[in-house]
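The values are calculated or read from the model by the stated rules, or taken from the named source; none is laboratory data. Everything quoted here is computed from the prediction, not taken from an experiment. Because the Cβ atoms are built from the backbone with ideal geometry, glycine has one as well, and the counts that use them run over all protein chains shown.
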Amino acid sequence: MYPVAAIQMASGPNITANLREAGRLIKEAVNMGAKLVILPENFALMGQHLTDNVNSREKPGAGPIQDFLSKQAADHGIWLVGGTLPLVAHDPFKYRAACLLFNDTGECVARYDKIHLFDVSVTPHEQYCESETIEAGKEVVVVDTPYGRLGLSVCYDLRFPELFRCMLSQGVELIACPSAFTAVTGKAHWELLVRTRAVENLSYVIAANQGGYHLNGRETHGHSMIVDPWGLMLNHLRRSAGVVYAELDREKQDSLRHNFPTHKHRKIQCQPPQCP
């Protein structure tokens, strides 16, 4: 059994305050027994404007947000997925929405840059265009951890099953999905998408969402959850800040993959050169 946790927050525009809250919730998760902890998208900064993230960009390996993540991982002896944080991009007017994985010694061992950008009109009065300030990533990331082959994804990625098929081609066993799903889209599709990605890839999905009202006027859905490879929700949290804890049963996953081997019955394979 592998103890994991998803952190749910309602982050605001003050990085220091957000990191303090994240630290409190990480400690709560550790006290529950978690050894792998997932923070939500934008955990360190939910700015008044998207340009706030550009102004708060960090260089890889240097900056207060990365220092915080490294120290939390090392101090608690956990593997920590740092939601997303703004890192420098090739375009001087944009940033990379980077999801970083730190091991239990505080070393950053993997980085995934959000590939699919949220350029949509949720309602006539709620519109988003992430591509105005975010530079999209291109690489699928699956990495070995003590808890299995971990795939990294972010929020809007959930709507693109081909990304997760590419992960499956790389042996993914559990998927982290830091998110900030809106209240409108979350109510319609969040649980459906998370459980579907788990079932079709026979993988655990640890989905850490923002949940609540934010100072920039945005409302996020919450309902962070941990789902097993059969699509069963092991635990979830509706709204507000908190921790979702569960233990992953890798023997059960191995049995499912042996007895119900849909991953071996695929006829259309995703070859690495075809992945984004």
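The condition (being closer than 28 Å to LEU50 by Cβ and surrounded by 23 or more Cβ atoms within 10 Å (Cβ to Cβ)) is satisfied by just one residue among VAL141, VAL154: VAL154. The criterion of being charged (D, E, K, R), free of Cβ contacts under 8 Å to residues at least 60 places away in the same chain and outside any helix (DSSP H, G or I) holds for ARG96. Screening ALA136 against (1) among the small types (Gly, Ala, Ser); (2) touching a Pro at 6+ places or on another chain (Cβ under 8 Å); (3) modelled with pLDDT of 95 or more leaves a single unmet condition, (2). Condition (residue is of a type in the set (A, V, I, L, M, F, W, C), touching a residue at least 40 places away in the same chain (Cβ under 8 Å) and assigned to a helix (DSSP H, G or I)) applied to the stretch 254-272: is it met by at least one residue? Yes; the residues of the stretch 254-272 include at least one that is of a type in the set (A, V, I, L, M, F, W, C), touching a residue at least 40 places away in the same chain (Cβ under 8 Å) and assigned to a helix (DSSP H, G or I). The residue that is farthest from the chain's Cα centre (by Cα), counting only those in the stretch 35-49 that are crowded, with 17+ Cβ neighbours inside 10 Å and either over 19 Å from ALA207 (Cα atoms) or among the polar types (S, T, N, Q) (or both), is GLY47.
So, in the stretch 17-34, of the ones that are over 17 Å from MET1 (Cα atoms) and of a type in the set (Gly, Ala, Ser), which residue ends up surrounded by the fewest Cβ atoms within 10 Å (Cβ to Cβ)? Of everything passing the filter in the stretch 17-34, ALA17 is surrounded by the fewest Cβ atoms within 10 Å (Cβ to Cβ). Taken over the stretch 158-185, the criterion of being more than 23 Å from PRO261 (Cα to Cα), crowded, with 24+ Cβ neighbours inside 10 Å and among the small types (Gly, Ala, Ser) is satisfied by SER179, ALA180. Residues in the stretch 143-162 that are assigned to a helix (DSSP H, G or I), under 16 Å from SER179 (Cα atoms) and in contact (Cβ under 8 Å) with a residue 60 or more places away in the chain: CYS155 only.
Close contacts from the stretch 107-123, counting a first residue that is closer than 17 Å to TYR95 by Cβ and modelled with pLDDT under 95 and a second that is among the hydroxyl-bearing types (Ser, Thr, Tyr) and part of a strand (DSSP E or B), with Cβ to Cβ under 9 Å and a gap of 6+ residues or different chains, come to PHE118/TYR128; PHE118/THR182; ASP119/TYR128. Considering the conditions (1) surrounded by 19 or more Cβ atoms within 10 Å (Cβ to Cβ); (2) assigned to a loop (DSSP other than H, G, I, E, B), TRP230 is excluded by exactly one of them, (1). Against the list (1) part of a strand (DSSP E or B); (2) small (Gly, Ala, Ser); (3) at pLDDT below 95, the condition GLY217 fails is (1).
Criterion applied to VAL199, VAL205 was being of a type in the set (A, V, I, L, M), touching a residue at least 24 places away in the same chain (Cβ under 8 Å) and not in a strand (DSSP E or B), and the one residue passing it is VAL199.
Filtering the stretch 193-225 to residues that are out of contact with any helix residue (DSSP H, G or I) (no Cβ under 6 Å at 6 or more places or on another chain) and either basic (Lys, Arg) or closer than 20 Å to CYS166 by Cα (or both) leaves VAL194, ARG195, THR196, ALA198, VAL199, GLU200, SER203, TYR204, ILE206, ARG218.
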